[in-house]
Amino acid sequence: MIKEIKSIPLASFLSRIGHEPAARKGTRLWYKSPLRQEHTPSFKVETTLNCWYDFGLGRGGNIIDLAAELYQSTDLRYLMRCIADSYPVPSVPTVASSFVPRHSAPSMERFKVVPLEHRALVAYLQERGIPAHIAKANCKEAHYSVNGSSRSAFGAGRRKNTYFAVAFENVSGGWELRNRYFKGCRGRKDISYLPWARDGPSAECAVFEGFIDYLSALTLGIINGADTIILNSVVNVNKAVPFLRGYKKINCYLDNDNAGKTALAELTAIYGSAVIDRSTLYSEFNDLNDFYVNQSFT
């Protein structure tokens, strides 16, 4: 079972969870790190050896090592289940399905969510073009420790042995976590569903890959009156399908990469002409936030 998991091509696994290479040099693929925010790709996958190395963190390894960083856990059975959820392996689900972890990120301790106030986190979102009043109205602030560790994966979002990050809740009670140096999730990975505050049902729903794009859309004022789904990863597109029933318009603000196009195609196959590709708004950029930041600061 472990051998089968380790044989999964890293490039295919990364594609399934929404990450595509920015460049290829021979047998090496270069990515913007899936473990933190960066503008210059410094995450390498060696396809012949099926291993990775993140130059920004100074760490690397096989697919299980990568999952340990992505899901912030050291529990092997939990990590194998996470990998199999994104890239099914025939012999894994049967064994893994009998294992129900106490929580999906056992290495995170003393996890606490409070209103977003920390200046460093507000400043981080402002760097992404998000005004403080929109950030504070839609996000929270998470504080936690990682087995008492001070690992650099959590970067500047660290105070003594406590880390902090912007937190955005999903429908399963999990939290998407972001700061300048860390991108992760605490709890079960799932979509976020946000009905628009109103008296009656909405005929439209807007779909985003991540909550930063959603905050960008709020700032731009382009989704007033529409319900919203944030996938939090394109691998969650099937989880969004039941929520989209009944909408006359499904406005998709997905990334302009292979993963985003695949997700769009899957939704179009189910809901047909109700699905509208809004990525034409930012066709020269990877995502809505890239477009918004470049428009705002040029």
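Scanning segment 258-267 for residues that are buried (at least 20 other Cβ atoms within 10 Å of the Cβ) and not aliphatic (A, V, I, L, M) yields a single hit, Gly260. Close Cβ contacts (under 7 Å, 6 or more residues apart or on different chains) running from residues in segment 216-231 that are free of Cβ contacts under 8 Å to residues at least 40 places away in the same chain to residues that are open to solvent by 40 Å² or more (accessible area, probe 1.4 Å) and assigned to a helix (DSSP H, G or I) comprise Ile229/Phe243. Evaluation of Phe291 against the conditions (1) assigned to a helix (DSSP H, G or I); (2) open to solvent by 20 Å² or more (accessible area, probe 1.4 Å); (3) over 18 Å from Pro195 (Cα atoms); (4) touching a strand residue (DSSP E or B) at 6+ places or on another chain (Cβ under 8 Å) shows that the sole unmet condition is (4). Scanning segment 190-209 for residues that are at pLDDT 85 or above and open to solvent by less than 60 Å² (accessible area, probe 1.4 Å) yields Asp190, Ile191, Ser192, Leu194, Ser202, Ala203, Cys205, Ala206, Val207, Phe208, Glu209.
Scan segment 1-20 for residues that are buried (at least 18 other Cβ atoms within 10 Å of the Cβ), outside any helix (DSSP H, G or I) and not β-branched (Val, Ile, Thr) and the total you get is 2. The set of residues in segment 21-40 that are out of contact with any Leu (no Cβ under 9 Å at 6 or more places or on another chain) and either open to solvent by less than 70 Å² (accessible area, probe 1.4 Å) or in contact (Cβ under 8 Å) with a residue 40 or more places away in the chain (or both) comprises Gly26, Trp30, Gln37, Glu38.
Based on this model, can you work out whether Ile270 counts as β-branched (Val, Ile, Thr), open to solvent by 40 Å² or more (accessible area, probe 1.4 Å) and over 19 Å from the mean Cα position of the chain (by Cα)? In short, yes. In the set Pro131, Pro115, Pro101, only one residue is over 19 Å from the mean Cα position of the chain (by Cα), modelled with pLDDT of 95 or more and open to solvent by less than 60 Å² (accessible area, probe 1.4 Å); that residue is Pro131.
Residues that are among the small types (Gly, Ala, Ser) and part of a helix (DSSP H, G or I) were ranked within segment 52-76; the one that is surrounded by the fewest Cβ atoms within 10 Å (Cβ to Cβ) is Ala68.
The values are calculated or read from the model by the stated rules, or taken from the named source; none is laboratory data. Note that the structure is a prediction, hence the values are computed from the model and not measured. No Cβ is skipped: glycine too gets one built from the backbone with ideal geometry, and neighbour counts run over all protein chains shown. Accessible surface areas use protein heavy atoms only, side chains included; no ligands, DNA or RNA. Shrake-Rupley method; radii C 1.70, N 1.55, O 1.52, S 1.80 Å.
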